[in-house]
1. Among the residues of region 67-96, what is the count of those that are surrounded by fewer than 17 Cβ atoms within 10 Å (Cβ to Cβ) and either aliphatic (A, V, I, L, M) or in contact with a Leu (Cβ under 8 Å, 6 or more places away or on another chain) (or both)?
2. Check Leu100, Leu155 and return the single one that is in contact with a helix residue (DSSP H, G or I) (Cβ under 8 Å, 6 or more places away or on another chain) and not hydroxyl-bearing (Ser, Thr, Tyr).
3. Return yes or no: is Asn166 open to solvent by 10 Å² or more (accessible area, probe 1.4 Å) and assigned to a strand (DSSP E or B)?
4. If you check Gly182, Gly263, which single one turns out to be touching a helix residue (DSSP H, G or I) at 6+ places or on another chain (Cβ under 7 Å) and either at pLDDT 95 or above or buried (at least 16 other Cβ atoms within 10 Å of the Cβ) (or both)?
5. Mind checking which pairs have a first residue in region 168-179 that is in contact (Cβ under 8 Å) with a residue 12 or more places away in the chain and among the small types (Gly, Ala, Ser) and a second that is open to solvent by 10 Å² or more (accessible area, probe 1.4 Å) and not in a strand (DSSP E or B), Cβ under 6 Å, 6 or more apart or different chains?
6. Can you confirm whether region 114-123 contains a residue that is touching a residue at least 60 places away in the same chain (Cβ under 8 Å), of a type in the set (A, V, I, L, M) and open to solvent by 40 Å² or more (accessible area, probe 1.4 Å)?
Amino acid sequence: MNRVLSFIAAAPLLFVAAAASAQQLPDPSGEDPARLRSAESLGLRLYRHDRAAALATDALHANRKYRKDQRVGGWITEARESAVLVSFVDKGDAEQASLLYQVEVSDSREGAGKVKAFDPPEAASNSQRNAARARRTATGFDFKPCAPHYNTVVLPAIADDTPGWNVFLLPSTTDAKVIPFGGTYRLELDAEGRTVTNSRTYTRSCIDFPRDKKRRAEEAALVVTHFLDPVPTEAHVLLNLQIGTPVVVLTTPNRSTWMIDQGRIRFLEKIEPKPGDGPKVPIADVR
């Protein structure tokens, strides 16, 4: 198991109810407010499941016997009312996805509960088996990595009432001075988790942000320029929740600036072009 911890802030999830119940009021940016709320909701789900996997892995590694178990080949997460259940699966059992350990991670500050070991391993449910297969398929997907190690979040797809899976590939690091961001991917898979039907990346290039722990209290915000969408995405919301610092996103398609704080997206302003800001091309090339 190659779980490498993402840069996760120790922020409580006290804003869950507020984010979930936010009204879709007209946005001053002119963009679809439903798209903004969707990015907030999905970003929060990503943070919740990635946090749970990290804390569950810490709990597993705290026991020397469990830490040295070479059978463990990954994990899947399942949402509960106020917790996330993390199941560690056997890497040698691709179709059955036998469960080796489980840890329930609370959404509150308490974090991970006790590790439950299955001896003998327990057969996974059909949904767990498909989720584990989706994770395995996604980790074998041909993509351009931006980090030596990646974490995954597997979520049931919520779109058009069509069953399937969304697998997020998240660059990770153990270096507290680096915040990995570039190279985040979202893969869409069929209901059995065997086939990737669609994929997207959230950046055009690999991006790592430096972080100085001593200056963290002085950091007002982290600024990101985004070329691929007119609004911030769930990846930007996840970044904000992970680092616990506001994130300012400059979306170039509509020359807009946004603030993300505690998982909420807020429009700031349009960046109006100044005279002479047009494309710099030789006169002979102008048509």
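The values are calculated or read from the model by the stated rules, or taken from the named source; none is laboratory data. From a predicted model like this one, the values you see are computed outputs, not experimental measurements. In this analysis, Cβ positions are derived from the backbone assuming ideal geometry, glycine residues included, and neighbour counts consider all displayed protein chains. Calculation scope for accessible area: heavy atoms of the full protein, side chains included, ligands and nucleic acids excluded. Shrake-Rupley method; radii C 1.70, N 1.55, O 1.52, S 1.80 Å.
1. Within region 67-96, residues that are surrounded by fewer than 17 Cβ atoms within 10 Å (Cβ to Cβ) and either aliphatic (A, V, I, L, M) or in contact with a Leu (Cβ under 8 Å, 6 or more places away or on another chain) (or both) number 5.
2. Residue meeting the stated conditions: Leu155.
3. Answer is yes for this residue.
4. Gly263
5. From region 168-179, the pairs are Ser172/Val4; Ser172/Ser6.
6. No.
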